[in-house]
Amino acid sequence: MDLRLAPHAVAMSAREFVAWSSDMMEQLMQASGGKKAVDKITAPIWSWALRNANYPLHFGIACCALEMAAASGSRFDAERLGMIFRSSPRQTDVLLVNGWVTAKLRPDLRRLYEQMAEPRWVVAMGECAISGGPWYDSYNTVQGVDTFIPVDIYIPGCPPRPEAMIDGFMKLHKKINKEMKGTFLEG
Amino acid sequence: MGKLAQREGLGPGGKTGEVIAQTLVEKFPQDVKITKATQNRVFATVNKPAWLNVAAFMKDALDFDHVTAVSGVDWLEEKKMWVVYHITSYANRVTAELIVELPRDQLEIDSISNLWGGANWHERETYDMYGIVFLGHPRMERILTPDGTDYFPYRKDFVGGRRV
């Protein structure tokens with residue numbers, strides 16, 4: 001190949017070349033319908049995998065955390081449905097907010113949410129996390145998690161029983177199944 | 001201390017609340033007023049200038065070793081505030097409730113967290129909720145509300161309502 005015909009290829013750094021070539025590859029796959037075809041095959045597999053292993057963050061705030069503990073105990077055994085509680089936001093898919101969020105906690109919770117890897121979901125459990133609950137119009141309680149984080153599932157109750165919590169996660173499974181997200185060449 | 005004292009619920013220190021109250025009044029006749037004293041309880045008011053001396057005496061001579069609670073009371077119309085201390089002696093099985101009165105325009109009192117380390121967070125919380133400043137505290141900052149909060153929610157003239 002005569003390099004005089006493509007001077008910009010010579011001027012590129014290695015990093016620029018990788019970005020350019022992967023961009024070209026993605027556009028090529030999208031234009032040719034290759035991405036669509038691969039997504040159609042892989043999306044059900046991803047969805048199935050995400051549904052059966054959505055790990056919530058082990059982050060207890062208030063009394064709903066006791067219901068969370070009961071749900072993960074042997075009586076309700078949430079682990080059989082793929083809800084394994086992990087202690088690091090890097091290893092989790094679901095941010096389970098179970099309790100009131102004070103003004104002092106809010107930036108830290110936002111940071112935990114941002115530390116979680118995509119794809120991620122937020123479940124607001126209990127009245128406090130949904131709307132402030134008994135702390136309506138309080139001077140120090142945030143009026144609902146959805147004022148600063150996008151929430152996918154709301155589980156009402158004060159506190160909701162472990163069955164209700166598991167049911168909320170089943171709703172989340174339906175949502176993941178409905179989204180059926182193909183992620184070929186994304187991310 | 002004999003077997004009789006043990007049967008009556010005295011601790012190994014052997015001092016009842018009445019004895020402790022008597023000792024306090026004899027040591028600080030001007031500054032300590034006993035409201036009530038029973039076997040396990042002492043209720044007293046202490047003058048503000050003598051407060052640190054009284055606390056040190058209670059720790060050193062009367063075996064008080066645990067600050068159970070520090071809180072406040074806002075008397076808005078009387079233009080004063082109370083700081084209420086609950087200090088316990090395990091050895092004597094006595095809890096003393098001590099009240100120190102402050103004028104509402106000068107809310108400052110000597111800190112006791114250098115005597116009892118457990119008073120540290122109690123005093124910070126009292127500052128957080130009432131705005132009472134504890135002089136000599138190692139870290140007089142807000143503890144429950146975020147830094148930069150410009151109100152004291154437990155004061156009677158605090159207007160409630162949504163702020164966040």
Quiz item: Would you say B:I34 is β-branched (V, I, T) and over 12 Å from the mean Cα position of the chain (by Cα)?
Solution: yes
Quiz prompt | Unmet requirement for B:L10, which otherwise passes all of (1) touching a residue at least 60 places away in the same chain (Cβ under 8 Å); (2) over 12 Å from B:N92 (Cα atoms) | solution = (2)
Quiz item: Name the pairs whose Cβ atoms lie under 6 Å apart, with the first residue in the stretch A:130-158 and without any contact (Cβ under 8 Å) to a residue 40 or more places away in the chain, the second of a type in the set (V, I, T) and open to solvent by 30 Å² or more (accessible area, probe 1.4 Å), and 6 or more positions between them or separate chains?
Solution: A:N140/A:T102; A:G144/A:I130; A:Y154/A:I130
Quiz prompt | Selected residue [in contact (Cβ under 8 Å) with a residue 60 or more places away in the chain and away from chain A (no Cβ under 14 Å)] from B:K59, B:K48, B:K79 | solution = B:K48
Quiz item: Within the stretch B:17-39, can you find the residues that are over 13 Å from B:S89 (Cβ atoms), open to solvent by less than 60 Å² (accessible area, probe 1.4 Å) and touching a residue at least 24 places away in the same chain (Cβ under 8 Å)?
Solution: B:F28
Practice problem: Considering each of B:V73, B:V100 in turn, give the residue that is part of a strand (DSSP E or B), under 14 Å from the mean Cα position of the chain (by Cα) and crowded, with 18+ Cβ neighbours inside 10 Å. | Solution: B:V100
Self-check item: Residue among A:A103, A:A37, A:A71 that is among the aliphatic types (A, V, I, L, M) and either farther than 27 Å from A:K178 by Cβ or within 14 Å of another protein chain (Cβ to nearest Cβ) (or both)
Solution: A:A103
Quiz prompt | So B:T68, is it assigned to a strand (DSSP E or B) and free of Cβ contacts under 8 Å to residues at least 60 places away in the same chain | solution = yes
Quiz item: Where in the stretch A:1-118 are the helices (runs of 4 or more DSSP H), entirely inside, with at least 3 residues that are within 30 Å of B:P146 (Cα to Cα)?
Solution: A:64-72, A:106-115
Quiz item: Which of the residues spanning the stretch A:119-134 are open to solvent by 40 Å² or more (accessible area, probe 1.4 Å), closer than 13 Å to A:N98 by Cα and away from every other protein chain (no Cβ under 14 Å)?
Solution: A:E127
Quiz prompt | Among (1) surrounded by fewer than 21 Cβ atoms within 10 Å (Cβ to Cβ); (2) farther than 26 Å from B:R155 by Cα; (3) touching a Ser or Thr at 6+ places or on another chain (Cβ under 9 Å); (4) of a type outside the set (K, R), the one test that B:S89 misses | solution = (1)
Quiz item: Of (1) open to solvent by less than 10 Å² (accessible area, probe 1.4 Å); (2) farther than 17 Å from A:A124 by Cβ, A:A70 satisfies all except one. Which?
Solution: (1)
Exercise. Looking only at the stretch A:106-118, count how many residues are in contact (Cβ under 8 Å) with a residue 24 or more places away in the chain and either more than 14 Å from chain B (Cβ to nearest Cβ) or open to solvent by less than 20 Å² (accessible area, probe 1.4 Å) (or both).
Key: 7
Quiz item: In the stretch B:117-164, which residue that is open to solvent by 60 Å² or more (accessible area, probe 1.4 Å) and in contact (Cβ under 8 Å) with a residue 60 or more places away in the chain is nearest to the other protein chains (Cβ to nearest Cβ)?
Solution: B:Y154
Quiz item: Regarding B:V42, is this residue among the β-branched types (V, I, T), more than 14 Å from the chain's Cα centre (by Cα) and surrounded by 15 or more Cβ atoms within 10 Å (Cβ to Cβ)?
Solution: no
Exercise. Search the stretch A:135-164 for residues being more than 13 Å from chain B (Cβ to nearest Cβ) and in a helix (DSSP H, G or I), and hand back the single one that is most open to solvent (accessible area, probe 1.4 Å).
Key: A:E163
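The values are calculated or read from the model by the stated rules, or taken from the named source; none is laboratory data. As the structure is a prediction and not an experimental result, all values here were calculated from the model. Here the Cβ is made from the backbone with ideal geometry for all residues, glycine too, and neighbour counts use every protein chain on show. For the accessible areas, the whole protein counts, side chains as well, though only heavy atoms, and no ligand, DNA or RNA atoms are used. Shrake-Rupley method; radii C 1.70, N 1.55, O 1.52, S 1.80 Å.
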